[in-house]
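No lab work stands behind these numbers, since they all come straight from the coordinates. Given the structure is predicted, the values throughout are model-derived calculations rather than measurements. Counting neighbours? That spans all protein chains shown, and the Cβs are built from the backbone with ideal geometry, glycine included.
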Amino acid sequence: MGWCSGLTEKGRSASVYIGTCLTKGWMVVLAGFLLVVLLTTSWSNEYIQSFLTDGFDGGNLVKWHNRHGSEAQGTPITLSCPTTTAQPATCSSQNSMAPSPSPSSIDAKRKFSSVPTPSCPDFFRYIHEDLKPWITTGITKEMVESARQHANVNFRLAIIGGRVYLEQYSRAFQTRDVFTIWGILQLVNRYPGRVPDLEIMFNCDDPPAIKADVFRTTPPPPLFRYCKDGTTLDIVFPDWSFWGWPEVNLKPWEQFLEEIGNESRKLKWKNREPYAYWKGNAGVAWTRGDLLRCNVSNGEEWNARLFSQNWEAEQQNGFRSSNMAKQCTYRYKIYIEGRSWSVSEKYILACNSPMLLVTTPFIDFFTRGLVPGRHYWPIRPDKKCKSIKYAVNWGNRHQREAQKMGRAGSLFTQEELSMENVYDYMLHLLTEYAKLLRYKPTVPEKATEICMESMACSETGLVKDFLLDSMVESTYDFEPCLMPYPFTTEELDAIARKKDKYLREVAVREDGLIP
Ligand SMILES: *[C@@H]1O[C@H](CO)[C@@H](O)[C@H](O)[C@H]1NC(C)=O
Ligand SMILES: *[C@@H]1O[C@H](CO)[C@@H](O)[C@H](O)[C@H]1NC(C)=O
């Protein structure tokens, strides 16, 4: 089997035809035959089919999600709020997080597992890339503090001896900051004694702010946020919605994944509407308004069914009719950037329907792991309608390949992007970041200690529900996934070249230059 899956990885164009594992001898004969076919009619139909979907057969077999099953339960973590509201919940009470044990005593206790610790997903390798600007200079306190001169900073957060301290400079939009900070508290609880002393500056806005241009000769301020692009040096971190987005009734990611698994099984791919679906707020970006031109209501069939989110009406009924988990009724789902990246991507990807991704310069921490032709189909931003029409026609004509792409995207969300990996990403990122600190972080002068009690006890409604639902319920006494090596320059170049080539070839096809 090892040999066969090796072939799937390397000989992508061949593997599509073969499907099952043949003997080595037959493979060689078949591969030779294919080569002849490819050389003589280089754009033969079969080749097009295989080229377009990367011959992906369900992904590599690493199981990240729930790999220790019920064994993963370590020491239970509980939240105990004061019984009367007159008593404010404080972190100095005995209810707060236990003082963190020293890392060595934890390590001694760490469970021995029969399941080997897997290597982290490939997108973890970009952690090294994101921290590169400081690799030779390290990170000084001055650099950290200078972030506020260059960008809006919502909060400064320090972890000292396993306790978490917060200095809030300004509130973020809705509850982005609350759920982001909550996520960090959960990380500290999940891995007691493991998160090193550090302090970070965090901005919860959409567009990245630290321009590479400005910092050609001096190191940039390290600033954490949710996304970046090729021209910016912000450090990407998982967004708040992994712990919930109450304002739009989006559940914590773990619960969402369970629900969408159920929902997307209800309606088989073949029985879904054979069009590309998008629903969202078109007002936040020009390109979204431009997308609406492709709607069927404009008198031309571009194979798109597009809907504007009516925020006011939706808000009044609690976003019940925009439940992302119930939006798996179309064969194709469009993703398009908002003011920069959009949190919608992981929900769209989770549907078992191929994601048609309108090419965007913005990336977040996990999207760098997505491969065009394997996890999604690229759509040209300047020729959206034509691109969508082509993609849908192609998928409806090559249903097996289209379903494979849909499954690959979903599998990515269930495994690579499991909550286990989200926490491991945070742990590895913060650990690598802390290694670069050239000073010993201390509790910032104006910061106060925060803990689950101080954050959750006084909350009400959906905010409280989501905080409780996304609480880590016990320590995780196994090793996190193994941090992979940095990319070499050659590897990064090869990835970029391959992606470019793919996008170009799809474009050539859409333009009808190749029949
Ligand atoms: C999903 O389905 C399983 C099995 O049918 C069920 O136990 C579970 O409650 C469902 N979860 C959600 C969130 O719908
Ligand atoms: C797109 O077309 C559908 C079908 O005609 C219609 O229901 C929908 O409102 C249209 N969307 C927009 C944004 O106009």
Extension length gain for THR460 and ASP229 (0.36 nm per residue less Cα distance), in nm, is 79.5 nm
For LYS440, LYS326, LYS346, order by how many other beta-carbon atoms lie within 10 Å, fewest first = LYS440, LYS326, LYS346
Under-5 Å amide H pairs with LEU250, H placed in peptide plane, nonlocal only | TRP245
Evaluated over the range 374-452, the Cα radius of gyration and Dmax, each in Å | 22.0, 63
Efficiency by 1/(1 + (r/R0)^6): what FRET value for ASN152 and GLU259, r their Cβ-Cβ distance, R0 = 30 Å, to the nearest 0.05?
-> 0.30
Ordered by packing density, taken as the mean number of other Cβ atoms within 10 Å over each peptide's residues, highest first, how do 452-459, 218-225, 331-338, 73-80 rank?
-> 331-338, 218-225, 452-459, 73-80
Return the percentage of antiparallel bridges among DSSP beta bridges fully within the range 169-316, rounded to the nearest 5 %.
-> 20
Per residue, what volume in Å³ does the convex hull of the Cα atoms of the range 306-413 enclose?
-> 107
Find the centroid of the Cα atoms in the range 252-327 and in the range 63-78, then give the distance between the two in whole Å.
-> 34
Once the dipole of the range 439-487 is set up from charges on Cβ (+1 Lys and Arg, -1 Asp and Glu), the residue from the list GLY461, PRO486, CYS451 lying farthest towards its positive end is PRO486
Take the Cβ-Cβ distance between GLU479 and THR137 as r, set R0 to 30 Å, and report the resulting FRET efficiency rounded to the nearest 0.05.
-> 0.45
Would you mind calculating the gained length between LEU468 and VAL296 on full extension (0.36 nm times residue separation, minus the Cα-Cα distance), in nm to one decimal?
-> 57.7 nm
Grab the Cα-Cα distance for ALA507 and VAL443, subtract it from 0.36 nm times how many residues apart they are, and report the gain in nm with one decimal.
-> 17.7 nm
Fewest Cβ neighbours within 10 Å first, please rank ASP234, ASP213, ASP511, ASP290 accordingly.
-> ASP213, ASP511, ASP290, ASP234
Could you check the simple spin-label distance between ASN396 and ARG497, using points 7 Å along Cα→Cβ, in nm with one decimal?
-> 3.8
If you rank CYS351, CYS328 by fewest surrounding Cβ atoms within 10 Å, what's the result?
-> CYS328, CYS351
